[in-house]
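Note sheet for the following structure.
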Amino acid sequence: MTKIFKVFYDDIKDIFTNFALLIVVLALCILPSLYAWFNIYASWDPYGNTGNIPIAVVNKDKGTTLSDKNINVGDQVVKKLKDNDALGWEFVNSDYARKGLENGKYYATIEIPSSFSEDLASILSKKTTKAKIIYSVNEKINAIAPKITDKGASSIQSQVNSEFIKTVGEIAFTLLNDTGVKLQEELPKLTKIETSLIDVKNKFATIDNTVKYGSESIEKMNGVINSLNKNMPLIEKTITTASDLSSDASSFLQNTQNNLSDLGPIIKRDLQILNSVSASAANSASALIEAINSNYEDAPQRIDDLTSKLNNLHNVSSNIVGLLTKINQITNGQHLNDSINKLNTINSKLETSINILNTVKSQIEANEQPSLTKLNSMLTLLNDVNSITSNLVNNYDSTIKNPINKILNQGIGVSENVGELLKNAQAEIPKVKSLLASLSGFSENAEGTIALANEKIPEAKAILNDFIDAISKINNSEDTKDLINFLKNDVMTNVDFLKSPVDIVQKTIYPMTNYGASMTPFYTTLCLWVGILLLTSLLTTEVHVKGEDDDEYKPYQVYLGRGLTFLSIALIQALIVSLGNIFILKVHMDNPLLFTMIALFVSAVFNFIVYSLVSIFGNIGKAVGVILLVLQVAGSGGTFPIQVTPKFFQMIYPFLPFTYGISAMREAIGGVYMPNLTRDISVLLIFLILSIVINIFLKAPINKLFHKFISKLEGSRLTE
């Protein structure tokens, strides 16, 4: 042990007595930090500066007319983009945009064709043409810029969809609202017509009884015929108008059914999420109770994690409630009330559970005995929530999907029933007109007129009865009233729903303030490995003492003694980079002290891994250290999620020290999840122990094994 510390003491003495060596050591302490700081600062907030990325926008849209309303979706998009600073939009003509894209002035161009609005509006016609936005990108300029501009193009597509749905939806719902009002206005006319026709029918009965008595009855008949002839245009117009309105409503309802059917998978997916997360929450609650029964150490963290889960559950459940409620409102129905009530029950139980957790956490923080009774009641509540969500998922088709389809099918059925009644009434009109034409030839010749009347009056009575019956069915049909009520719904409420039927509620846990903070663990870990590589490149791992026999020191004494020197410099490197991250770059951290401690520990682990390789294998160990660096940069998940990397890197990911060093630092920056931090520290500790133990026992035999090879290598003019 004495010789180990003698090696370390002599090294420190050499550093402070040899000016050149001191300069080298100081440079070795600072250089790795610069590597991290420059990269972190360069990555500070790239996505916050995307407004500087130039993108050309060309608007050729000529607009179109939709239901007597001029619309130009291209102009609406341009107007929105002028208020959007997410990217550097520049509004230019087609030629300038093309040249700018080719010479690199613009990273991408967005072109809105001349027929854009017309193609969008074709959705309301029989022949639909899908509208296109022409997106061109110069991928040669930069690797990342095309990905950012892709998002810009996608956002324009979403914006166009939203704005067009709003525009067309407003027009469509306004027309339907007007349709409902018009139908409501036509009903009194039909009632009046029905009353008049009944009166005519009664007069025909009188005429039938008295026609044989002479000319005064003929005069009465002429009066009835003239009255019917006068009112027929109004009758025909009223019924035709109502029939057209009903047909329009039916077509719109069919389109609405197609649109709302897309919501089904979204609702079912959210219910499945509710079911899965509620089961996980119940398990977490059980684990929390066990933890409180054994010790309180990790109880606060468990409470925070469970509270976060319950809040997420509440958000998802509330979104589904809002969606189902909106569908109910649009359709003037109550078919989804049962599911809505169950979801509201879930929300109530979740709110109670969250309140219990807050109470228990306060009790723990006040060093009071937590209420196990409340915790057990919370567990019961969460099991109830899981049971209800399971029921909703299992019965989704019968309780949600089918009722939604039933609502829309009923609406379509109502509209079709009303349309059928109106068609029946229309079918009777030619018969009435034909009858009136045949009766219009009454003359003063009593004998001929009476003969004609005796022939035609029974036919007239039958036709009038059928006509009156058809109109009466329209007036008295509940379907007619239901159709009017649906069509007279609030326009903007329905438009807003179609524009955005689902709202995303984003909740961030363990937030990172910016991209620089997210990249700090990676670049800090990387610089610590680079730092120890520099150390092994400029300082030797062997001990050579002038005037003394090198064999005075045993291999393990050399390893541990010089290892302390390397460790001291490595810890200084870690301390400098950590303090610089905190005080120079001002990286926001949840726990700066923990970050510093983790950096020191990671540096110690890396030091003994690389130092051990070089101590055993010499220059070959340095090469292995560089190879490990390359593998870990790509395979540690420091920049991209490991799941998107090639299979090889996913396979080596669990065995790389970087993986756990980066993960541990993320805990300190974003917020600690103790199980993850414990895992990271444990694995790094295993790397540390293995490096030291293997080197102590294998340094001597491996050095002897490689001695001849290393001597020949060092004897060349190309190596040290």
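Read-outs: derived from the displayed coordinates by stated rules, not from any lab. Small disclaimer: the values here were computed from a predicted structure and weren't measured. Positions of Cβ are backbone-derived with ideal geometry, glycine not excepted, and every protein chain shown enters the neighbour counts.
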Completion exercise
At the level of C-alpha centres, the distance separating region 655-673 and region 264-296, in angstrom, is 25
Handout entry: Over 29 Å (Cα to Cα) - which of 140/586; 62/140; 6/586; 622/647; 80/268; 99/132 fall in this group
Key = 140/586; 62/140; 6/586; 80/268
Completion exercise
Set 342/374; 79/105; 309/361; 349/401, cut-off 19 Å on Cα-Cα distance; pairs above it are 342/374; 79/105; 349/401
Fill in the blank from the handout: For the pair residue 308 and residue 358, the simple spin-label estimate (label points 7 Å beyond Cα toward Cβ) gives in nm 1.9
Fill in the blank from the handout: HN-Hα couplings for region 683-696 via Karplus (6.51, -1.76, 1.60; θ = phi - 60°), in whole Hz with x for Gly/Pro, come out as 5, 4, 5, 5, 4, 4, 5, 4, 4, 5, 5, 4, 5, 4
Handout entry: Estimated distance in nm for a label pair at residue 338 and residue 590, the labels positioned 7 Å out from Cα along Cα-to-Cβ
Key = 4.3
Handout entry: Segment residue 623-residue 371, length gained on full extension (0.36 nm per residue, minus Cα span)
Key = 84.8 nm
Practice task
Any chance you could run the full-extension gain for residue 652 through residue 402? It's 0.36 nm times the residue separation minus the Cα-Cα distance, nm to one decimal.
Solution key: 85.1 nm
Fill in the blank from the handout: Given the candidates 52, 40, 21, the one whose Cα lies deepest towards the positive end of the charge dipole of region 19-87, counting +1 at each Lys or Arg C-beta and -1 at each Asp or Glu C-beta, is 52
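Work out the FRET efficiency for residue 99 and residue 122 from their Cβ-Cβ distance, taking R0 = 41 Å, and round it to the nearest 0.05.
On the way: r = 33 Å, r/R0 = 0.80.
The value I calculate is 0.80.
So, with +1 on the Cβ of K and R and -1 on the Cβ of D and E, and no other charges, what is the size of the charge dipole of region 52-142 about its Cα centre, to the nearest 20 debye? Please list the in-between numbers first.
Numbers: 14 positive and 12 negative charges, 48 e Å.
Here the size comes out at about 240 debye.
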Fill in the blank from the handout: Here region 84-89 yields Karplus 3J(HN,Hα) values (6.51, -1.76, 1.60; θ = phi - 60°; whole Hz; Gly and Pro given as x) of 10, 9, 5, 9, x, 5
Exercise for the section: Return the FRET efficiency for the residue pair residue 45, residue 631: r is the Cβ-Cβ distance, R0 is 25 Å, and the value is rounded to the nearest 0.05. Expected result: 0.25
Exercise for the section: Pull up all non-local amide H partners of residue 55: gap of 5 or more, or a different chain, and H-to-H distance under 5 Å with H placed in the peptide plane. Expected result: 88, 89, 90
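Mind putting a number on the dipole of region 5-119 about its Cα centre? Charges go on the C-beta only, +1 for Lys and Arg and -1 for Asp and Glu, and I need it in Debye to the nearest 20. Please list the in-between numbers first.
Numbers: 11 positive and 15 negative charges, 26 e Å.
Magnitude of the dipole: close to 120 debye.
Suppose the chain between residue 14 and residue 268 were pulled fully straight at 0.36 nm per residue; how much longer would it get relative to their current alpha carbon spacing? Display every interim value, and only then the final one.
On the way: separation 254, 0.36 × 254 = 91.44 nm, distance 7.16 nm.
That works out to 84.3 nm of additional length.
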